[in-house]
């Protein structure tokens, strides 16, 4: 279990995150949504140890991990991905996976000299493990290709594959759907579901694609203006009027709005003034003054 307790972060005079509290149960997939500038990425960076909070605590399985650096959190089973993938472009796809596991024997100079057979045996095991991950990601045909040549969606899959090369208990995903085509997005969603089912990993996902959130997440936390606005199932948060107000009618939540009354629509049409000329039509703002 991971608990967020009264977390706050201030940058100078800007309160980026204020008194955020929620918990992620073991094996739960939690969605973290909200308008741009809501404080989601700042909160992610606090949980992952990239920045220290001004106040509050992060508790992982009863242990206070607040402010621990990312490399220490990695050894405690908490990892994250980024909105922009951080692959090693000059290494192959396969090598990007093989370099992830900690405590590799080849990193020790003495063992490399005097225990070469052990090093080679571990390397073979890592290679086979990485190849199995690539097969599941449907990237095995690209194993010897430089990671820098992958498409944006393929890089997202590779980054998710790197988390599978760890013993992570908690995985934070920062906008995994951004820049991913629908075909690869389906593969990515299936991979997350399988990883969650097989390993019982706890996921927290920042995402603007609410269809993906609806498919994957057991629990959804909505942030706005740096704080938690509401939380619950996706159906519950979409019915919450404060959520609609926070999004200001954004297209992402259009399916949450009630269907219009046909009788009212007809009445509105009848009340529209007749058009007198083409010039009058061209002068009308097609957006109605609202953001598309």
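The values are calculated or read from the model by the stated rules, or taken from the named source; none is laboratory data. Just so it is clear, the model here is predicted, and its values are computed rather than measured. So basically every Cβ, Gly included, is an ideal-geometry build from the backbone, and we count neighbours across all protein chains shown.
Tell me, please, whether a residue that is part of a strand (DSSP E or B) and within 20 Å of the chain's Cα centre (by Cα) can be found in region 33-54. Yes: region 33-54 contains one or more residues that are part of a strand (DSSP E or B) and within 20 Å of the chain's Cα centre (by Cα). When the residues of region 121-164 are filtered to those that are surrounded by fewer than 19 Cβ atoms within 10 Å (Cβ to Cβ) and under 22 Å from the mean Cα position of the chain (by Cα), the one that is nearest to residue 32 (Cα to Cα) is 152. Among the residues of region 45-81, those that are under 21 Å from residue 226 (Cβ atoms) and surrounded by 21 or more Cβ atoms within 10 Å (Cβ to Cβ) comprise 46, 47, 48, 49, 53, 58, 80.
For (1) within 27 Å of residue 236 (Cβ to Cβ); (2) modelled with pLDDT of 90 or more, each residue gets a yes or a no:
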position: 47; (1), (2): yes, yes
position: 54; (1), (2): no, yes
position: 73; (1), (2): no, yes
position: 76; (1), (2): no, no
position: 113; (1), (2): no, no
position: 116; (1), (2): no, no
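Of all residues in region 181-220, count the ones that are closer than 25 Å to residue 238 by Cβ, crowded, with 18+ Cβ neighbours inside 10 Å and more than 13 Å from the chain's Cα centre (by Cα). Of the residues in region 181-220, 2 are closer than 25 Å to residue 238 by Cβ, crowded, with 18+ Cβ neighbours inside 10 Å and more than 13 Å from the chain's Cα centre (by Cα). Based on this model, can you work out whether residue 94 counts as over 30 Å from residue 36 (Cβ atoms), at pLDDT below 80 and in a helix (DSSP H, G or I)? No: the conditions fail for residue 94.
Report yes if residue 16 is crowded, with 18+ Cβ neighbours inside 10 Å and more than 26 Å from residue 240 (Cβ to Cβ), otherwise no. No; evaluated as a whole, the condition is false for this residue. Does residue 245 satisfy the criteria of being out of contact with any helix residue (DSSP H, G or I) (no Cβ under 9 Å at 6 or more places or on another chain), at pLDDT below 85 and within 30 Å of residue 10 (Cβ to Cβ)? For residue 245, the condition - out of contact with any helix residue (DSSP H, G or I) (no Cβ under 9 Å at 6 or more places or on another chain), at pLDDT below 85 and within 30 Å of residue 10 (Cβ to Cβ) - is met.
Of all residues in region 210-220, those satisfying the criterion of being closer than 12 Å to residue 173 by Cβ and in contact (Cβ under 8 Å) with a residue 40 or more places away in the chain are 213, 216, 217.
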